[in-house]
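The values are calculated or read from the model by the stated rules, or taken from the named source; none is laboratory data. Keep in mind it's a predicted model, so treat the numbers as computed, not measured. All Cβ positions, even for glycine, are placed from backbone atoms using ideal geometry, and neighbour counts span all protein chains on display.
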Amino acid sequence: MDDQINTHAEYLDCILAHHQSNPHDLLQMLREAQEHYGYVHSDAIDYLSGQLKLPRSKIEGVASFYSLLYLQAQGEYRVLFSDNITDRMLGNMDLMESLCGQLWVEPGKVSEDGLLSIGTTSCTGMCDQGPAILVNNIAINRLTPERVGQLSELIRERVPLSSWPLEFFAIEDNIRRRDILLGSKFESGKALAAMLKRGATETLQEVKLSRLRGRGGAGFSTGSKWEYCREAPGEQHYVVCNADEGEPGTFKDRVLLNSYADMVFEGMTVCARVIGAQKGFLYLRGEYRYLLDHLQAVLQGRRQRGLLGHDILGQQDFSFDIEIHLGAGAYICGEESALIESLEGKRGTPRNRPPFPVTSGYLNQPTVVNNVETFAATCLISMHGGAWYAGIGTESSTGSKILSVAGDCARPGLYEYPFGVTVAEVLADCGAADAQAVQISGPSGICVAANEFDRKIAFDDLPTAGAFMVFDQSRDMFEVARNFVHFFTHESCGFCTPCRVGTSLLSNMMDKLAHGQGSPYDFAEIEKLNVLLQTTSHCGLGHSACNPVLDTIAKFRPAYDRRLIHKEFVPAFDLDRALSQARKMTGRDDAAAHLERRNDRR
């Protein structure tokens with residue numbers, strides 16, 4: 001036991017030294033410890049508790065909050081199937097069942113020999129090339145029955161992940177249409193040089209003149225946000241890039257970080273000069289772990305070229321550096337105040353607002369939090385000016401928008417358009433000839449039916465963080481909404497009772513309809529839940545949880561009517577259905593083994 005403790009201490013001391021024993025880096029320490037042990041080892045928690053002088057309960061509380069951290073052993077291989085609706089449409093559940101059968105393991109459990117576990121996770125940001133999985137938090141996509149067979153053999157033979165075929169880990173950008181951002185010939189340092197020549201104050205005025213609005217979905221004025229932070233009193237100012245791209249159907253930030261990271265980091269550096277910051281963070285979602293080494297290399301390259309670090313471009317009063325923090329599976333951390341809590345090494349629970357991050361953000365200091373795409377766009381404004389940018393798009397929505405197109409279309413991938421493009425134009429470009437609906441901006445967004453395809457992507461019509469999921473005539477829109485509802489239930493942070501309980505009740509009601517026990521009573525209950533969630537939830541997750549249900553009820557009512565088998569209320573619990581597993585185990589499926597059939601026979 002003493003040898004084991006010494007081994008823990010030796011490895012954990014390296015982690016502590018790397019993070020300078022900073023308790024605000026607790027999440028990063030836990031993640032790195034898990035990469036060594038396979039899970040967050042109990043002895044590691046004890047050791048970190050002593051060294052960081054943090055209660056053990058706090059460390060366990062942080063570890064238990066994030067879905068990609070584990071307090072118990074999960075096996076040498078932890079396989080998680082992405083369970084976004086687009087993965088479902090591509091047959092992910094059949095593939096998971098096949099892998100479980102080949103490796104003799106039940107879903108959600110660890111195999112008897114401790115070799116592996118297989119389960120599901122929320123969207124992995126690979127909707128354009130699914131079905132996708134995470135193996136020990138590393139992404140693998142384009143699953144087929146043949147590839148599942150290969151995976152099974154590699155796991156059975158205990159082949160290290162580093163020795164798996166490289167093609168398993170090949171992830172494509174799939175850029176289908178480029179405009180001012182994706183088509184730009186960006187040269188490192190050019191935006192910074194233009195900003196320094198113009199001046200920080202004047203650059204802020206150009207950003208305001210451009211009328212750039214945040215690309216993360218909320219659409220707040222970027223210039224106003226920077227100005228509020230610049231003027232806020234504080235010992236330090238911070239820049240944070242929100243790359244926690246967890247909205248199902250969205251993957252544009254993945255591509256920007258893979259192929260345009262230099263541009264994103266330069267936009268952060270322009271912002272730093274404007275607001276007077278010396279430290280920045282990229283908060284990278286845990287599912288994009290595979291990008292970490294690449295991004296670190298881009299940062300190091302910028303330091304070597306004098307574009308990051310001390311005396312940037314020879315300016316002695318201009319120092320700024322960027323640190324990458326990796327998330328660990330929490331959709332709620334896409335909300336800026338929850339992200340800041342996570343950056344500080346805590347559970348990602350949204351804060352009460354006001355105060356807002358621009359005045360009381362990271363470590364209660366003035367902080368700008370912007371999306372990956374927003375920072376990239378500010379480079380264009382720095383180089384070409386605010387008036388040029390404002391001349392693109394529409395009056396209320398200037399510039400371009402990158403859409404993550406997935407689902408029932410011939411050419412899924414990234415499409416960049418000036419704001420004002422219609423849904424119909426995007427459908428034509430991506431080869432979606434038989435669409436009945438498009439989900440704009442993910443589950444929390446808007447479901448658009450075929451008679452609305454002339455609507456425009458713009459803040460004053462269809463605002464979006466980027467998701468554009470296409471569903472053809474073969475899809476059951478009830479099942480689409482049901483998948484979204486289960487996503488919200490899984491991702492509720494549990495902080496407030498209305499959301500924690502309300503999303504669970506909503507999932508139960510949708511399951512009840514799916515199992516043929518629905519009645520008009522359930523519709524009335526869903527309406528009541530919507531009012532409750534919208535008026536009493538702590539943050540936007542609860543506020544929007546009923547959106548997919550209400551949208552599809554209004555626009556695809558027959559999908560629900562087919563499930564309203566009963567005119568009067570029927571309980572959700574069905575004893576006969578609950579006995580289905582027992583029938584399967586005993587090999588019985590005759591009439592006498594079913595309660596209803598037996599009663600009918602009497």
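Data table
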quantity	calculated
Condition check for S382: of a type outside the set (F, W, Y), over 22 Å from the mean Cα position of the chain (by Cα) and not assigned by TED's automatic domain parsing to the domain that holds R215	no
Residues being touching a Lys or Arg at 6+ places or on another chain (Cβ under 9 Å) and in contact (Cβ under 8 Å) with a residue 12 or more places away in the chain - total across segment 49-84	9
L307 in the same structural domain as R198 (by TED's automatic domain parsing), under 30 Å from T359 (Cβ atoms) and outside any helix (DSSP H, G or I)	yes
Condition met for C333 (buried (at least 24 other Cβ atoms within 10 Å of the Cβ), in a helix (DSSP H, G or I) and within 22 Å of the chain's Cα centre (by Cα))	yes
Pairs with Cβ under 6 Å, 6+ apart, first in segment 257-271 and in contact (Cβ under 8 Å) with a residue 12 or more places away in the chain, second of a type in the set (S, T, Y)	D262/S188; G267/T378; V270/T378; V270/S382
Residue satisfying all of: in segment 233-251; in a loop (DSSP other than H, G, I, E, B) and polar (S, T, N, Q); nearest to P548 (Cα to Cα) among these	T250
Of all residues making up segment 76-89, the number that are surrounded by fewer than 21 Cβ atoms within 10 Å (Cβ to Cβ) and in a loop (DSSP other than H, G, I, E, B)	1
Residue under evaluation K58, criteria (1) in a helix (DSSP H, G or I); (2) within 24 Å of the chain's Cα centre (by Cα); (3) not polar (S, T, N, Q), criterion not met	(2)
Residues (without any contact (Cβ under 8 Å) to a residue 60 or more places away in the chain and in a helix (DSSP H, G or I)) located in segment 554-583	A554, R557, P558, D561, L575, D576, A578, S580, Q581, A582, R583
Any hit, segment 274-284, residues being more than 28 Å from S360 (Cα to Cα) and modelled with pLDDT of 95 or more	no
Residue within segment 185-195 that is closer than 29 Å to Y290 by Cβ and among the aliphatic types (A, V, I, L, M) present	yes
Candidates R230, R273, R254, R215 - the one that is surrounded by 24 or more Cβ atoms within 10 Å (Cβ to Cβ), on the phi < 0 side of the Ramachandran plot and part of a helix (DSSP H, G or I)	R254
Count of segment 94-114 residues which are surrounded by fewer than 18 Cβ atoms within 10 Å (Cβ to Cβ), more than 23 Å from Y39 (Cα to Cα) and in contact (Cβ under 8 Å) with a residue 12 or more places away in the chain	2
Failed condition for Q534, given (1) over 25 Å from D83 (Cα atoms); (2) out of contact with any His (no Cβ under 7 Å at 6 or more places or on another chain); (3) in a helix (DSSP H, G or I)	(2)
Segment 1-40 - residue that is more than 26 Å from the chain's Cα centre (by Cα) and not in a helix (DSSP H, G or I) and, of those, modelled with the lowest pLDDT	M1
Residue list for segment 544-560, restricted to those being touching a Gly at 6+ places or on another chain (Cβ under 9 Å) and hydrophobic (A, V, I, L, M, F, W, C)	A545, C546
So Y290, is it assigned to a strand (DSSP E or B), touching a residue at least 60 places away in the same chain (Cβ under 8 Å) and under 27 Å from P131 (Cβ atoms)	no
Residues of segment 177-188 that turn out to be of a type outside the set (V, I, T) and touching a helix residue (DSSP H, G or I) at 6+ places or on another chain (Cβ under 7 Å), as a count	5
Verdict on S117 being free of Cβ contacts under 8 Å to residues at least 40 places away in the same chain, surrounded by 18 or more Cβ atoms within 10 Å (Cβ to Cβ) and either hydrophobic (A, V, I, L, M, F, W, C) or at negative phi (or both)	no
Unique residue being assigned to a helix (DSSP H, G or I), touching a Cys at 6+ places or on another chain (Cβ under 9 Å) and surrounded by fewer than 22 Cβ atoms within 10 Å (Cβ to Cβ) when the list is T374, T359, T349	T359
Yes/no for F523 being over 17 Å from S444 (Cα atoms), surrounded by fewer than 18 Cβ atoms within 10 Å (Cβ to Cβ), outside the structural domain of E491 (by TED's automatic domain parsing) and aromatic (F, W, Y)	no
Tally, over segment 490-508, of residues that are without any contact (Cβ under 8 Å) to a residue 40 or more places away in the chain and either farther than 23 Å from T124 by Cβ or of a type in the set (V, I, T) (or both)	5
Test: residue in segment 375-389 that is free of Cβ contacts under 8 Å to residues at least 40 places away in the same chain and among the β-branched types (V, I, T)	no
Residue satisfying all of: in segment 182-203; touching an Asp or Glu at 6+ places or on another chain (Cβ under 7 Å) and crowded, with 21+ Cβ neighbours inside 10 Å; farthest from V298 (Cα to Cα) among these	L182
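Yes/no per residue for (1) at pLDDT 95 or above; (2) surrounded by fewer than 24 Cβ atoms within 10 Å (Cβ to Cβ); (3) not in a loop (DSSP other than H, G, I, E, B):
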site	(1), (2), (3)
S404	yes, no, yes
R411	yes, yes, no
E425	yes, yes, yes
N451	yes, yes, yes
D454	yes, yes, no
N483	yes, yes, yes
